[in-house]
1. Quick one: if you take sqrt(5λ) for each eigenvalue of the C-alpha gyration tensor of segment A:1-57, what semi-axes come out, biggest first, whole angstrom?
2. For segment B:35-121, what does the convex hull of the Cα positions come to per residue, in cubic angstrom?
3. In debye, nearest 20: dipole of segment B:72-193 around its Cα centre with unit charges on the Cβ of K, R (+) and D, E (-)?
4. Where does chain B land at 222 nm, in deg cm²/dmol rounded to the nearest 500, when only DSSP H runs of n ≥ 4 count, each adding -39500 (n - 2.57), divided by all residues?
5. Calculate the length of the line joining the C-alpha centroid of segment B:1-72 to that of segment A:1-61, in whole Å.
6. Return the FRET efficiency for the residue pair A:Leu170, B:Ala35: r is the Cβ-Cβ distance, R0 is 45 Å, and the value is rounded to the nearest 0.05.
7. Report, in debye and to the nearest 20, how large the dipole of segment A:44-171 comes out about its Cα centre when Lys and Arg carry +1 and Asp and Glu carry -1 on their Cβ.
8. Hey, could you get me the Stokes-Einstein D for chain B, Kirkwood radius over alpha-carbon pairs, 37 °C and 0.692 mPa s, rounded to whole µm² s⁻¹?
Amino acid sequence: MEKITDYIVPLLLLGCSAWALRKKENTYEQLLQGGQEGLKLVISLIPTLVMLLTAVTMLRASGAMELIGSFLAPAFRFFGIPEETALLVLIRPISGSAALAVGTELMAEHGVNSLVGRTAAVMLGSTETTFYTISVYFGAAGIKKTRYTLPAALIADFTGFFIASLTVRLFF
Amino acid sequence: MLMSYIWTAMIALSLLAAVVTGRGGELASAVSQGAQAGITLVISLAGSICLWTGVGRLMEKAGVTGALSRLLKPLLGRLFPSSRQDPQLAGSLSANVCANFLGLGNAATPMGIQAAQRLARRSRDGIATDELCRLIVLNTASIQLIPATVAAVRSSLGCSSPFDILPAVWVTSLCSAGLGVTAAWIIGKLWKK
């Protein structure tokens, strides 16, 4: 598995640049301009991640994270989701940067190649900030009655958490 | 506003837990450690975010997004029947899905909002239609080709093959999108209008 996945990203980079060149785009210039936008995004991330990692590190150091984990452990064990990811699962639908902070903490604490670390990474990569999406899209479209959107979206989120734990167990 | 409550709750919870477990010393040192970790994380992410937004812009300009959206047209026509008579809606829908797929969060949101606004014209009294619900579910399930941020975090923590999670991420997001849309469809049948 590792051998194949090692080549996906380099191949994608080559494919994009070659395609853009064939379309007579100034490939390098576009990369630089995009990179400029990316750096602006990075700077806007600094305050959020500093505040949230402070709070998350405090949760970890005080033992609150273990308390939340042990509180939810029976339900998590039933679905085969590692109970260490409890806080990540709770916060993922609400705030993207908080989830990134919690996930990073989990990967650092348990190791990037551990079951918990990998599950946290897959969860982060395959789910979205549900509440944010609903409020932004429906706010802009002037929708006040969301009907069954939230339950359906949360079902999708939960499936993501469950399948993430399952695939990590199966693939690694 | 929501984040203010969450942040305060996180601090209050840690304080409470520290009193119970008697870890006041660890809690105090965690404050400055956490702030430091925040900066370290941003710096370790900066390179990847810079690279991938560059690649994202390149893909958009080179027409990768356009080619993908032609591939998606039949599927989107099924999920959003009104996009068949409304080419502009079909356009913003497929641009939204493709931008999400390529990890261009900044491009995905405006396109998704455009699609939501056009879909909302068909609704009455600000009540979400079935298609609007489906659009949200599709967006919250996030089908992503390259989860660049997560991979950057992994490599910053010393992982030698940060992208080995790709197959797991793809399977997971396809399942959650599939089941989310199915759930929306079933609940939509049962829900009274």
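Derivation of every value follows stated rules applied to the coordinates shown; laboratory data play no part. As the structure is a prediction and not an experimental result, all values here were calculated from the model. Cβ placement follows ideal geometry from the backbone for every residue including glycine, while neighbour counts extend to all protein chains displayed.
1. 32, 21, 5
2. Roughly 105 Å³ of hull volume per residue.
3. 500 debye
4. Using -39500 (n - 2.57) per qualifying helix, the result is -26500 deg cm²/dmol.
5. So the two Cα centres are separated by 14 Å.
6. Efficiency computed from Cβ-Cβ geometry: 0.75.
7. 420 debye
8. Using the Kirkwood radius from Cα pairs, D works out to 166 µm²/s.
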